[in-house]
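No lab work stands behind these numbers, since they all come straight from the coordinates. Predicted, not measured: the structure shown is a model, and the values here were computed from it. Don't worry about glycine lacking a Cβ; one is built from the backbone with ideal geometry, like all the others, and counts go over all protein chains shown.
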Amino acid sequence: MRKNNNTSLPVSFKNRNLLGYKKSHLRFGDLGLKFDKNYTIEKLHLVVLKKKFKFFLKKKKKISTKTWFFISENFPIYRKGKNARMGKGKGIYQRMAFRVKKNQIFMEFRNLNYMFLKKLSNNFYLTSNLRNTICAKNNKYLLQLSKTPVSFYKLYYRF
């Protein structure tokens with residue numbers, strides 16, 4: 001890599017741009033799930049996530065939560081025949097997939113417990129092998145202890 005004369009940042013000779021969001025923020029909810037890497041996701045991964053979410057919510061019937069999905073199908077997948085060689089074109093359209101960037105928030109939740117979302121995130125990672133993290137809005141009623149927010153009432157109740 002060579003250095004640009006105007007700035008001290010390294011510049012690739014192919015002039016590639018870094019992919020991903022530098023800073024992600026929640027739009028509607030209090031908690032959200034975001035990806036740690038760039039992925040191309042199939043529809044099956046989201047179906048598994050929705051089924052797990054419904055399964056977890058059946059246990060907690062009294063919770064009234066709102067959920068927002070921020071993913072749309074934006075990447076077509078084409079496939080050539082088995083005996084096709086190079087130079088025969090792209091192939092036949094097969095299906096659409098989801099291409100997501102690093103730090104993109106793909107789900108937001110309102111009125112959902114942090115530990116409940118932690119279980120859901122871990123289960124989603126184990127079933128589909130997509131690394132994700134939980135991001136939360138800064139709330140003045142939450143205390144940051146050992147990387148998990150705990151409300152003041154729960155903290156008082158614990159001791």
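Things to note:
- Neighbour-count ranking [beta-carbon atoms within 10 angstrom, fewest first] of F28, F124: F28, F124
- R85 paired with K54, simple spin-label distance in nm, labels 7 Å along Cα-to-beta-carbon: 4.9 nm
- Modelled this way, with points 7 Å down the Cα-to-C-beta line, the labels at S24 and V47 are 2.4 nm from one another.
- Total formal charge among the other residues, if their Cβ is under 10 angstrom from that of L26, Lys/Arg +1 and Asp/Glu -1: +2
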